[in-house]
Structures are given as structure tokens and as C-alpha cells.
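What follows is a single structure, written as C-alpha cells, with notes after it.
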Amino acid sequence: MEHGDVVITISRMYGSGGRTVAQMLSERLGIPYYDKDLIRLASEDSGINEALFANADEKVKRSTIFRVAKSVYNGELIPPESRDFTSNRNLFNFQAKVIKKLAETESCVIVGRCAEYILRDYENVLSVFIHAPEDFCLEKAAEKHSMPLKELEEFVKRTNKQKEYYHEYYTGRNWSDARNYDLCLDSSKLGFERCVEEIIAYMDVRFRR
């Protein structure tokens, strides 16, 4: 890690604009933005087909949540000779390996994938949670998806539940608990641009830039 490198992790409710905030922040700071790219990087590092990573990405069935204690990430990689080498657990492990390498080598913005937990012991990491009320999230979701309101409500609810289960499965922590993050921002009240400004202001104070 070079002097001055800072990593910002962005967790977000669906429809809150967290990904947009992350992209804007990346452009403002002139640093890389990682989201789906993490899947490609993990595939290249492990030799495991990228399609397997995409299929498992931020998805965990509700029934598996009761086995959370057995799957909390501990940094270990499963070796190629194991039958579990291509398991969802090991796919997560390889993504975590990539996330750690990025945090150790460059400044960047990382979206989702429990990055705030994986990097919880890194002094150069600022973790952010972007949230918003249901009506705001539905309004933003409607700009991307053409479906009846009832369907859209179910889609947004289901997507957020998947994020919640995924996070708890691999971290043992509540996804939306403010104690897991350095900064929580309501994008409906601040707007995306102001969210970016608040994150940068926090960075300036936290890291005395």
C-alpha cells in the first residue's frame, strides 16, 4: 500500500443510487471503481469459470442462512483438489482475496460484496452505507425496470432480502446495521452529488488529507 491510498467501500439498498454515488465518487477522486469487475478478476486469479462467479454473485438462499456460523469468511482458500473448490463459499473467498489485494495496492471505490467486512482491519478503508425510503427506491427502480407497481415492489424487496441474506451468511452481521459502517447516508435527503461531497468531507477529516 502506497502512502495516501484510500479505499471506499459502498454498500447500498437497491434503488438508493449507491452504485451511482460510487461511480460519481470514483470520477471525482480520479480513482478506479470496482463492481462487476471483481468477478472477472477473481475468475482470472482462481482459474474458475467467470459464469460461476456471476451466478453466485450477492445471492444466498434464505434456507442457508441458518448455517451462517459455518460460512463466515475467515480468509482461507479451499485448494483445487477439494470437491468444494468451486463452491459458492470458495467463490466468495477468491473475491475477498482480490478485494484485499486492491486495498493493499491502490486507492479505489469498491461496491458491495461485503467489502467493508473483509477490509474491517484495514486502516485505509472508509465504509459507507447508502439507503433511502421505500418510495424513493421504487421511483428510482422504475426508471430502470418497466413493470407493474406491485411487481416492482416485490422485485425491490426480494433484491434487498438477497443482499441481506448474502451479507449475514458470509459475515454473521446485520447488513443494514449502522454499526458496521463509518458513514450512513440517506440519498433521498441529500441527493447523489451531496452524498459524494459528504464522503469526501469525511475522508478529509478521517485521513487528514
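A few notes on this one:
- Loop-located GluC sites (Glu not before Pro) across segment 112-209 with a Cβ neighbour count of 14 or fewer within 10 Å are 123, 143, with loop assigned by DSSP.
- Footprinting exposure proxy for 131, 145, 167 (fewest neighbouring C-beta atoms within 10 Å first): 145, 131, 167
- For the chain, diffusion coefficient by Stokes-Einstein and Kirkwood Rh (Cα), 37 °C, 0.692 mPa s, µm²/s: 185
- Size of charge dipole - the chain - debye, nearest 20, with Cβ of Lys, Arg +1 and Asp, Glu -1, no other charges: 620
- Put the Cα centre of segment 91-108 next to the Cα centre of segment 131-154 and the gap is 32 Å.
- Other-chain or far-sequence residues with amide H under 5 Å of residue 126's (modelled H): 7, 8, 9
Every read-out reported here was derived from the displayed coordinates using simple, explicitly stated rules and does not represent laboratory data. Just so we're clear, the structure is a prediction, and the values are computed from it rather than from any experiment. We place every Cβ from the backbone using ideal geometry, glycine too, and count neighbours over all the protein chains shown.
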